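The values are calculated or read from the model by the stated rules, or taken from the named source; none is laboratory data. Just so you know, these numbers come straight off a predicted model, no measurement behind them. When we count neighbours, we look across all protein chains shown, and the Cβ atoms used for this are built from the backbone with ideal geometry, even at glycine. Remember, those area values only see protein heavy atoms, side chains included, never the ligands or the DNA or RNA. Shrake-Rupley method; radii C 1.70, N 1.55, O 1.52, S 1.80 Å.
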Amino acid sequence: MKTLIAGSILICSIFLNVALGATSFADSGNDWGRGVPIVVNIQPFSYDPDPVCPRLYERRVVEGYVQSQNLCLFDGRHISAASFFADGARPRFAIAYPFDQKFYPLDGACSDMTGCLYAPEQDTLVVRYESAPNRMGVAIYRHFSQRVHRQYDLLTGEVSHSFDNQHPDFVFDKLRVGGIGMSRNGRWVAMEFVGSGTGMIDLENLETRQIRDAGIPYGYGVDPTEELAVSNDGSTVVITGIRADFSIIRVNPTCGFPLSQTAATEHTPCPVIVFTTNGFIASFKFGTHPQFEESGGQLKLDVMTYTDGAKRVMIRAAGYRTISELPFLALGDSFSSGEGESDDRFYLPASNNGVHLCHISRRSYPFLLASYMMIPLDGVKSIACAGARIDDIVGTSKEYNGQNNRLRGTDVLKSQANALVDFLPGRIYQALFVEQYHPKLITMSVGGNDAGFSAKLKTCAMPGTCEWAKRGIERSLTGIEIRDLFDKLVTTYKQLTESSPWSRIYAVGYPKITAIHGVCDPLTNVLLDEDERTFISEGVRYLNSVIRAAVEAAHISYLDVEDSLTGRQLCSTSSLPSAVNGIRVGDDIAPLGVLPTLKIIGNESFHPNPIGHELEALAINRMYGDLNLPHTCNSCSATVPEPPAYWGVVTGDKRQYYASFLRSEHLTPLSKLSIELPSHTFQPDTEVRVEIHSDLKEVGRVRASSEGGLAVELPLPNNIVEGFHSIHLYGTSYARHSIDLYEVISYGNNIEKSVERVSATVPRTTGDDRSPGAVLGVSDIPQIRAVQRVSKSVMEQKDSKKDTLLFEVAVISATLLGVILLSIIAIERYTRKNSPQDRGG
C-alpha cells in the first residue's frame, strides 16, 4: 500500500503568516471593511442548540457513563480533551491519552462548558470562572497535561482523574467576562466584556488588550448571548449571537490598549464594522457557531431566520482573493493515488521524485471518474499520497513536517506554502486543500495504513506464514485494531465536512486484491500462502464494513469497490490480464535473505494496476452514476460492527496499534534500534519489553520515563535474517491497559550511500527503460539492472511493443532466473520451517 506569480505570492504569504504560525496581528490582506461581504453559499440545515464548539462535536465513550456522550473535542497529538454535558445535564471535562479508546472524566477543570477551551497546540486550558458573586473572570493554565493527577482505588481498581486548578499562570478579572472564543490554531482568545466591549488574549505571551470599548447593553429585558470567533492571525474578531449584533473588529498593533495595571486613557479604537444583515441574508434573527477558515478570509456561521428556518452560511471578505470552486479533489492513500502504475511516465512528476514518492498516477480511478463526468483535466486534482494515514489527512500541529517527516531539514514553511498553491502532495495536511478550494466533489480512501495493512503485508510477502495470518492473539488483536478505527474515521469525515460543508464527500472502500483458493503464479504462491491470502481478504472485508459504518455515522456517502476486481485479482483463474500487480520490479523489498542486495520488489507490488483502476472506476460509475447527485446508503448501520468469527476473540483490555516510534525504519547490522515515544504513552516508570519478529527475539527491556514517554537506543540481536521484520513494544498504557505497539523495519546492508555517490553518473529515465533506482552496491548495478529489466519485461502486459526476438530471449532468461530463485526460496523456507527457533514469517 504504497505559476501566475502574483497569485502564488499572495496565497503563499497568506498561508505562511496564518496557517503556519503568524506574527501578532498580521495583516492577512482580507479587508472585511471593504463593502458588503460576499455570500459564497447558503444552505438549509438542522439547527443545533448546543453551545458553540470551536472544534468539533463527536459522540465518544466516557468512563463511568453507559451511553456515549456528545463531546466538544479538542484533539491533540499527545493528549486530547473535551467538554460535555454529562448525560445532557451537568457540565464536565474529560481527557484521553494516546492509544486509548475512551475518555476519562476530569474533576476540577471546568464547571462551565461554554467557558472551557483547550488549546492542544499550546497545551493550555482557558477557563471562565466565578471570580466574585455574579462576576466571571478568565484563568489560564499552561502545561495542562502536567496538572492532571490520577488516583487509584486499590480495592476496586478504578482510576479517577483530577486537575490541579490552584495557582493558574494568568488570571483576568478586571472586567466581567461573558462569551469567549478561541482561534483554530489555539493562539488567540476573544472575550466579551459584559456591557463594556471586547478583549483579546495572546496565549503565547499572555498579553491582554481591549479592542472595543462599547458593549451590548444589559438589563433591558432578556440579556444577549454573545458568541465570538477570532482568526488564526489575530487580525479579525467576529461577534454574533442571540440578541447580539453581527459585527467584525479589525485588529492591528496600534489599536485598542493593553489591559495592564493602569488602563490607558488615550488610545485609538480598533475599527468595527457592523453589517446590515439583510445585505446578505433576509430576515436574519441571530447567528451562532461562527468559525473562520484557516486564512481568516472566509467565515462560516449558522443563521436562524424569522421566515425561512435555519441556514448555514459561508461569507467571504470583499477583499478576499477569488478562488474558483474546484470540481473534483481526490484525497487518501496509495489506493487513491494509483501507486500500482505500471509505467512511471504516468506518475505526476511532483509525486515520484526523491523523498516525494506519493505516486499519483494520471490513470488512477479519480481521474477516470472525472472523465466519465466530463470534468476537464484542469478541474480534477489529486493530493493522495502512498502511505497516508488519518493523521496526514486532518491535523493542526505546527510541528507537522509533511508525511513521514519528508520536509525535515528543508525550508518547511516555504515548501508547505508552495504545496498549497501547486497541489503538491505529502507536504501539508490534505484537509487544508479542502478548506482552501472547497471542492464540489471529494473522494478519499484512508484507514488501511492506520490498521497497519501495508506494514503487515511487507512481513507477509516473505517466505513463511507471517504472524498476523496465523490463528492466535496477533490475528485477534488485528480485528480489534480495525474495529477501533471507527471513531477516528467518523471524526475525520466530520472534520472534512466542517471544513467544506458544501462539498459532496465520498469515502471509497478497498478492493480485494487476491483470490484465496485460486491459482497463483509460482512466486506469489510462495510469498503469499493461502493463510496469508485469507488474512488479506478478510481484512479488506472487515475494514470496509467499519468504513461503511463510519460513513453512515458521519452522514457522507460510501463507494463500494470491494468486488470490483473479482476474477482479475491475484491468484484468480481468469486468462485475462491481472488487475493487480504481483511482484513488481523496484527497490523496496529483498525477498531472499541470502541475496540481500537483490531488491527486486517495488511498492507498486500488490496494488491495483491501471487495469484495476479502470475496473474500479467502471464499477463506481455503474453502481452510482453521476457523483454530483446525492447517494445515500440505505443498508448501512451507523454502529461499528464487531469482528467476524475469523478474527477470534480477545479477552481483557489488551490492544495492538500500528505506531511510528522508530527514528529510522531502515536498519543494518551496525545500526541501533532508536525508539522515541511522547509522554502519556506508557504507565510511568513501568517496564516495556522490546521484541523483533518474525524469528522472535527479545531486543531488551527498558523503563518508561516518569511522564510515560520513551527515548532509548538498543543494539539489534545477532543473526537477524535480511528482509522485513516487525518491532513490538509490549507494556502498560498510561490508562493502565495492556498494549502492543508495532512498526515494521527493513534490515540489510547499508549500501544506499554507495548508490548516491554514483547517482550523477547513472541517469534516471522513465518508462520501460528507466533505472528502477534499486538499492545496490556499485559493482552490482549493471548486472542487477539487467535482471530487473528482464524480470519487468516478463511481467509487463502482452501489448508490449518490444522486438519479438528480444522478448523470447527475455522469457527464457527470466524463466531460468525464476527456477534459481524458487529453488533458493524453497531451501530457505524448508530450513527456517524446521528450525527450533522458527516462530512465524
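General observations
- Every residue from the stretch 464-502 that is in contact with a strand residue (DSSP E or B) (Cβ under 9 Å, 6 or more places away or on another chain) and either assigned to a loop (DSSP other than H, G, I, E, B) or at positive phi (or both): 466, 484, 500, 501, 502
- Counting the residues of the stretch 239-263 that are modelled with pLDDT of 80 or more, on the phi < 0 side of the Ramachandran plot and not in a strand (DSSP E or B) gives 7.
- Selection of the stretch 154-172 for residues being open to solvent by 70 Å² or more (accessible area, probe 1.4 Å) and of a type in the set (D, E, K, R) yields 158, 169.
- Positions within the stretch 597-629 being open to solvent by less than 30 Å² (accessible area, probe 1.4 Å), farther than 25 Å from residue 559 by Cα and either out of contact with any strand residue (DSSP E or B) (no Cβ under 6 Å at 6 or more places or on another chain) or at pLDDT 90 or above (or both), in sequence order: 598, 600, 602
- When residues in the stretch 97-128 are screened for being closer than 22 Å to residue 485 by Cα, assigned to a strand (DSSP E or B) and within 21 Å of the chain's Cα centre (by Cα), 1 of them pass.
- Across the stretch 333-362, the qualifying residues are those that are of a type outside the set (S, T, N, Q), farther than 23 Å from residue 412 by Cβ and not in a loop (DSSP other than H, G, I, E, B), and the one among them that is nearest to the chain's Cα centre (by Cα) is 335.
- The residue list 388, 318, 330 contains one member that is surrounded by 23 or more Cβ atoms within 10 Å (Cβ to Cβ) and touching a Gly at 6+ places or on another chain (Cβ under 9 Å), which is 388.
- Restricting 550, 554, 579 to those that are more than 27 Å from the chain's Cα centre (by Cα), open to solvent by less than 20 Å² (accessible area, probe 1.4 Å) and of a type in the set (A, V, I, L, M, F, W, C) reduces the list to 579.
- Selected residue [over 16 Å from the mean Cα position of the chain (by Cα), within 18 Å of residue 358 (Cβ to Cβ) and either assigned to a loop (DSSP other than H, G, I, E, B) or not hydroxyl-bearing (Ser, Thr, Tyr) (or both)] from 424, 413, 432, 457: 424
- Any hit, the stretch 186-204, residues being of a type in the set (S, T, N, Q), over 35 Å from the mean Cα position of the chain (by Cα) and open to solvent by less than 10 Å² (accessible area, probe 1.4 Å): yes
- Residue in the stretch 213-235 that is of a type in the set (D, E, K, R) and in contact with a His (Cβ under 8 Å, 6 or more places away or on another chain) present: yes
- Only a single item in (1) within 30 Å of the chain's Cα centre (by Cα); (2) crowded, with 23+ Cβ neighbours inside 10 Å; (3) at pLDDT 85 or above; (4) under 22 Å from residue 184 (Cα atoms) is not met by residue 303, and it is number (1).
- With respect to the conditions (1) in a loop (DSSP other than H, G, I, E, B); (2) of a type outside the set (Ser, Thr, Tyr); (3) open to solvent by less than 10 Å² (accessible area, probe 1.4 Å), residue 366 falls short on a single one, namely (1).
- Residues in the stretch 435-454 that are more than 13 Å from the chain's Cα centre (by Cα) and either open to solvent by 10 Å² or more (accessible area, probe 1.4 Å) or among the polar types (S, T, N, Q) (or both): 436, 437, 438, 440, 443, 453, 454.
- Test result for residue 565, open to solvent by 10 Å² or more (accessible area, probe 1.4 Å), at pLDDT 90 or above and either charged (D, E, K, R) or within 25 Å of residue 387 (Cβ to Cβ) (or both): no
- Residue count for the stretch 712-733, restricted to those that are open to solvent by 10 Å² or more (accessible area, probe 1.4 Å) and closer than 16 Å to residue 671 by Cα: 13
- Selected residue [at positive phi and touching a helix residue (DSSP H, G or I) at 6+ places or on another chain (Cβ under 7 Å)] from 723, 652, 648: 648
- For the stretch 508-543, a residue qualifies if it is under 16 Å from residue 486 (Cβ atoms) and buried (at least 21 other Cβ atoms within 10 Å of the Cβ), and the qualifying residues are 509, 510, 539, 542, 543.
- Residue match in the stretch 635-645 (condition: over 26 Å from the mean Cα position of the chain (by Cα) and modelled with pLDDT of 85 or more): yes
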